[in-house]
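No lab work stands behind these numbers, since they all come straight from the coordinates. Fair warning: this is a prediction, and the values are worked out from it, not measured in the lab. As a convention, Cβ positions derive from the backbone with ideal geometry for all residues, glycine included, and neighbour counts pool all protein chains shown.
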Amino acid sequence: MKSPPILNAPVTHRIGNWCEESVLREEQLKDFLSRRNAGTLEIQRLELKKMMALQRLPLAEKFQFGDNVMIKNAGTNGYLSVDLPDTYPENVSESDVFHLTTATADSKTKIHPSARNVMKLVPVDRYARIGFVDQIPRYGEKFYIVASDALVDKPVKSLR
């Protein structure tokens, strides 16, 4: 790999600890290159977070438990969205709490179903659903709103 031009610049005057500074610059460059190759740079982590949060997901054709839905506030035209923590995706577990926000579209952009704004409805009491042949929610039935499976391996309770 080619070295940056600053390390190959001609030195006309050497003052102070020039040798130590040169060695320090080389060590910093080696550290940067090793972290870049390992994928542990902060910019790489943020890019992965963005890529995972904005991946497109299909919406369900029917409104049923367990299907992908987008929840819209009719007053603000904002869609319920997950605000991912800074530690995402490395240190996210089932017990973590995701903060929610609303995402609104302006006149130029459109909100597409993505992992960040697609939710699933899960009934609170599955035994109360015995006898129903479909998964359609009934009026008064309690349910959880959970984050998309694309964000976490196991569904995380977002809101009750």
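Here are some notes:
- In the structure shown, the pairs K62/K108; K72/K108; K110/K142 are assessed against 26 Å; a Cα-Cα span above that value is assigned to K62/K108; K110/K142.
- Loop sites in region 36-84: GluC sites (Glu not before Pro), DSSP, at most 10 other Cβ within 10 Å: E61
- From phi via Karplus (6.51, -1.76, 1.60), per-residue ³J(HN,Hα) for region 22-37 in Hz, x at Gly/Pro: 5, 5, 4, 4, 5, 5, 5, 5, 4, 4, 4, 5, 5, 5, 5, 5
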